[in-house]
Amino acid sequence: MQKENKLLNMSLYALNAISPVDGRYQSKTKELSSYYSEAALIKYRLRVEVEYFISLCELPLPQLENFDAKLYKPLRKIYLEFSDDDAQEVKEIESITNHDVKAVEYFLKERFDRLKISEYKEFIHFALTSQDINNTATPLLIKESVEDIFLPNYLQMMEKLIELKDEWANIPLLARTHGQAASPTLLGKEIMVFIERLERQMGLLNMVPFSAKFGGATGNFNAHHIAYPEVDWVAFSNEFVEETLGLDRSQVTTQIEHYDNLAALFDNFKRINTILIDLSRDIWTYISMNYFKQKIKKGEVGSSAMPHKVNPIDFENAEGNLGIANAIYEHLSAKLPISRLQRDLTDSTVLRNVGVPMAHSILGFKSILKGLNKLILNEEAIRADLDDNWAVVAEAIQTILRKEGYPKPYEALKALTRTNGLIEQPTLSNFIDTLQISDELKAYLKSITPFNYTGIEKL
């Protein structure tokens, strides 16, 4: 009965959620809750606070020299076993403090009381400002969500693209430039265009550090230095942020991280999404041209009025979700690096929305993968389109004639093909017969077809 109630509550929540990320698409995005929910942010803040305290013990500060290292494990359990009830407790504290980070500090101090180590609890959050916690917890959760969620979904989609590229490597395809028939290409190569673009963006993404701020109230370690001037706090913080947390510490900051690298990350995400929108539109177009059919799932409806339709909804869904993600990423990357003097609070609300574009991106990845898995190559339609467009080999003929020194070959082929009339194989063959060239060359020119005039097979 308890399980049924829980499922019912989840269902009711999904039905009443304002955002489709938490409503309609909740089943596809729920894994992100472990990184971007309010409870997750509290957990990551706790993790930073606990690890910071342990690092102070390891330094050690004189007052922490006698702290029992055996207690590190139960301390880490506070965030490792953090529950929804714990999160609710923090929120209840926040309702009194009206300060979310201070609520985490008070929650942790209460846990110190339970562990009977109250004498050490004033070294929780020692000499820190809220942004020392927020600007380490946030890049940490972003980093781990990228590693755990973003990359696996992205790579799964890429693997499918690579599979299709290999499967269709030698399928000749009529190219379209300006929407008009152009020199033929290979279907596998056209997919490879997107693979290369995406791989290059991933290369750039891997170069962007997950930057964190850790330096006290205005970035100068004022409180740290006044309390313990003998400690090299810069070295300590570098080791804590980079070794313990696995982030990149910005060396000179105000009260907050300047977010330049985070903006670069969001811009990179945006470029990846833009490439995928381009891919979605191209595949959508090929489906509309009947180059691809789609696998039919029993029971599904394509149109409420037209029973025959199998709509390319996966690629349309992807385009829409990736577009929403990009709109939010655009604001995040434009807004976050701007803060008045040593800080204002405009980054706070904005930064809480990072999970939203990530969720829409993941939805886009999943939709594209689903759509790719449904594609059925209609080689007959592709070949028919090539056969209807023999004029595209005019480029090949005039290029060879140029090579052979034939007078005004471009103009001759233009006069033949630029007529709005149907150019068929016999038309070109008859034209070649009129040329003052060797029989051997004529035979070579006649051997060129829309099916073999596809350039280099492996670029």
Exception for Asn452 within (1) modelled with pLDDT of 95 or more; (2) surrounded by 14 or more Cβ atoms within 10 Å (Cβ to Cβ); (3) not assigned by TED's automatic domain parsing to the domain that holds Trp168 falls at (2)
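Is segment 229-251 home to any residue that is of a type in the set (A, V, I, L, M), out of contact with any Asp or Glu (no Cβ under 8 Å at 6 or more places or on another chain), crowded, with 20+ Cβ neighbours inside 10 Å and not assigned by TED's automatic domain parsing to the domain that holds Ala396?
Looking only at segment 229-251, we keep the residues that are of a type in the set (A, V, I, L, M), and these are 231, 234-235, 241, 245, 247.
After this cut, where a residue has to be out of contact with any Asp or Glu (no Cβ under 8 Å at 6 or more places or on another chain) as well, the list is 231, 234-235, 247.
If we keep only those that are crowded, with 20+ Cβ neighbours inside 10 Å as well, we get 247.
Adding the requirement that they be not assigned by TED's automatic domain parsing to the domain that holds Ala396 leaves 247.
Yes: one or more hits.
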Flagged in segment 130-140 as surrounded by fewer than 24 Cβ atoms within 10 Å (Cβ to Cβ) and under 20 Å from the mean Cα position of the chain (by Cα), in numbering order, are Leu140
Could you go through segment 193-212 and let me know if any residue there is part of a helix (DSSP H, G or I) and closer than 30 Å to Ile423 by Cβ. yes
When segment 105-151 is checked residue by residue, the ones that are without any contact (Cβ under 8 Å) to a residue 12 or more places away in the chain and outside any helix (DSSP H, G or I) are Lys116
From Ile437, Ile432, Ile423, Ile397, residue being in contact with a Phe, Trp or Tyr (Cβ under 6 Å, 6 or more places away or on another chain) and not aromatic (Phe, Trp, Tyr): Ile423
Can you tell me which residue among Thr427, Thr399 is in contact with a Gly (Cβ under 9 Å, 6 or more places away or on another chain), over 30 Å from Gly323 (Cβ atoms) and surrounded by 12 or more Cβ atoms within 10 Å (Cβ to Cβ)? Thr427
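Can Ile338 be described as β-branched (Val, Ile, Thr) and not in a helix (DSSP H, G or I)?
Working: β-branched (Val, Ile, Thr): yes; not in a helix (DSSP H, G or I): yes.
Here the answer is yes, as Ile338 does meet what is asked.
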Show the residue pairs that are 6+ apart or on different chains and have beta-carbon atoms under 7 Å apart, the first residue being within segment 201-214 and within 13 Å of Ile275 (Cβ to Cβ), the second being of a type outside the set (Ser, Thr, Tyr). Gln201/Asn268; Gln201/Arg271; Gln201/Ile272; Gln201/Ile275; Leu204/Asn268; Leu205/Asn268
Unique match (being of a type in the set (D, E, K, R), modelled with pLDDT of 90 or more and out of contact with any His (no Cβ under 8 Å at 6 or more places or on another chain)) among Glu411, Glu440, Glu404: Glu440
Looking only at segment 291-323, which residues are at pLDDT below 95 and of a type in the set (Ser, Thr, Tyr)? Ser303, Ser304
Selection status of Glu242, free of Cβ contacts under 8 Å to residues at least 40 places away in the same chain, among the charged types (D, E, K, R) and either over 30 Å from Tyr44 (Cβ atoms) or not in a strand (DSSP E or B) (or both): yes
Looking at segment 179-195, can you tell me whether even one residue there is of a type in the set (Val, Ile, Thr), farther than 30 Å from Gln342 by Cβ, surrounded by fewer than 19 Cβ atoms within 10 Å (Cβ to Cβ) and in contact (Cβ under 8 Å) with a residue 60 or more places away in the chain? yes
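Every residue in segment 252-269 that is under 29 Å from Ile195 (Cα atoms) and buried (at least 22 other Cβ atoms within 10 Å of the Cβ), please. If you could, list the steps in order and put the result at the bottom.
We begin by selecting, within segment 252-269, every residue under 29 Å from Ile195 (Cα atoms); these are 260-269.
Those that are under 29 Å from Ile195 (Cα atoms) and buried (at least 22 other Cβ atoms within 10 Å of the Cβ): Leu262, Leu265, Phe266, Phe269.
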Residues that are basic (Lys, Arg) and modelled with pLDDT under 90: does segment 362-375 have at least one? no
Does Arg197 satisfy the criteria of being assigned by TED's automatic domain parsing to the domain that holds Leu279, among the basic types (Lys, Arg) and touching a strand residue (DSSP E or B) at 6+ places or on another chain (Cβ under 7 Å)? no
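What do you reckon, is Ala394 of a type in the set (A, V, I, L, M) and modelled with pLDDT of 95 or more? Even if it seems obvious, please write down each step before you answer.
Working: of a type in the set (A, V, I, L, M): yes; modelled with pLDDT of 95 or more: no.
Answer is no for this residue.
Among the helices (runs of 4 or more DSSP H) contained in segment 366-459, which hold 1 or more residues that are in contact with a strand residue (DSSP E or B) (Cβ under 9 Å, 6 or more places away or on another chain) and touching a residue at least 40 places away in the same chain (Cβ under 8 Å)? Give the derivation first.
Working: elements: 379-387, 394-403, 409-417, 425-434, 439-446.
In segment 366-459, 379-387, 394-403 are the helices (runs of 4 or more DSSP H) which contain 1 or more residues that are in contact with a strand residue (DSSP E or B) (Cβ under 9 Å, 6 or more places away or on another chain) and touching a residue at least 40 places away in the same chain (Cβ under 8 Å).
The values are calculated or read from the model by the stated rules, or taken from the named source; none is laboratory data. In this text, all values refer to a predicted model and were calculated from it rather than measured experimentally. Cβ: placed from backbone, ideal geometry, glycine included. Neighbour counts: every protein chain shown.
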